[in-house]
Amino acid sequence: MENRIDLKIENNIAHAHLIRGDKMNALDAEMMDALIECGERIKADRSIRAVVLSGEGRAFCAGLDMGNFAKMAEGGNAGVTEGKKSQNLAERTHGLANRPQKVAFTWREIEVPVIAAAQGFALGGGFQLFMGADMRYAAPGTKFSIMESRWGLVPDMGTTHVMTRVAREDIVKELAMTARIFEADEAYEHGFLTRICDDPIAAAFETATAIASRNPEAVRGTKRLFNEPADRFVADTLMLESVIQDDIIGQPNQVEAVKAELEGRPAVYDEETAKAAE
């Protein structure tokens, strides 16, 4: 974990800081494992009363590492199923979730509030990780995208139910189906952001410090009170994400989407294959 995330705990506040800044904190296999491990460490430490989640450098998290997509284009393992060649995302490997879902969903499972602080970019899996937090701060001009359709995929990291809770359903569908990049002002308008801040990490620590001064039992109870109704059917949602993705990933049209993106050309889809999949 140490070469992907710097975890510091001080004054009852945990700071989980992604430190793969040279790669815009992209999600490779090690980063996925580090995020899961980090979440588990925080859950086990009862002294922690609030969490700040951030990324170093030019981005909060730019999404799945480009090397993973290169493997996907070659028909190999994209690094999301712990070394297995075949993608079986419906297999529950982490409680209610599979591995990529656990990366984002673990932050909702943490009993204390998690405040994400973003700058630069939060794209694809990075956006889903961001949406796993309870409160979400971003610097002006931060760019977001539900980017999975660009790669012929659906968003499947365990926070689609959060997106449709904070924003209108038609807005989420439009953003997910187009993979359009949108900036902080629009994200705030839709409800994805709690605040736009010049220094989101400092603002997150200010909020975390205020929360840490409150009765920890009341803080945990408040998170549970607001999260449980929204998460009541989460097991079904997580499974549906995985079943749909299993039907799509590795199929000719999805591989063509990845190749087209990597080669910088328009994709040419097989309509007969698409019809057969309906």
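The values are calculated or read from the model by the stated rules, or taken from the named source; none is laboratory data. Note that the structure is a prediction, hence the values are computed from the model and not measured. Glycine gets a Cβ as well: all are built from the backbone with ideal geometry, and neighbour counts include every protein chain shown.
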Test for PHE105: is it modelled with pLDDT under 95, within 30 Å of GLN251 (Cα to Cα) and surrounded by 24 or more Cβ atoms within 10 Å (Cβ to Cβ): yes
Residue check, ALA50 closer than 24 Å to THR194 by Cβ and not hydroxyl-bearing (Ser, Thr, Tyr): yes
Residue ranges of helices (runs of 4 or more DSSP H) in segment 193-278 with at least 3 members under 20 Å from ALA116 (Cα atoms): 200-212, 216-231
Residue within segment 140-147 that is closer than 21 Å to GLU228 by Cβ and within 11 Å of the chain's Cα centre (by Cα) present: no
Test for ALA212: is it modelled with pLDDT of 90 or more and out of contact with any His (no Cβ under 9 Å at 6 or more places or on another chain): yes
Counted residues, segment 140-157 - those being at negative phi and in contact with a strand residue (DSSP E or B) (Cβ under 7 Å, 6 or more places away or on another chain): 6
Sole exception among (1) within 22 Å of LEU53 (Cβ to Cβ); (2) surrounded by fewer than 16 Cβ atoms within 10 Å (Cβ to Cβ) for ARG220, by number: (2)
Subset of segment 1-28 (residues that are under 15 Å from LYS102 (Cβ atoms) and surrounded by fewer than 19 Cβ atoms within 10 Å (Cβ to Cβ)): MET1
Residue satisfying condition, being at pLDDT 95 or above, surrounded by fewer than 21 Cβ atoms within 10 Å (Cβ to Cβ) and farther than 30 Å from GLY95 by Cβ, within set ALA167, ALA184, ALA179, ALA139: ALA139
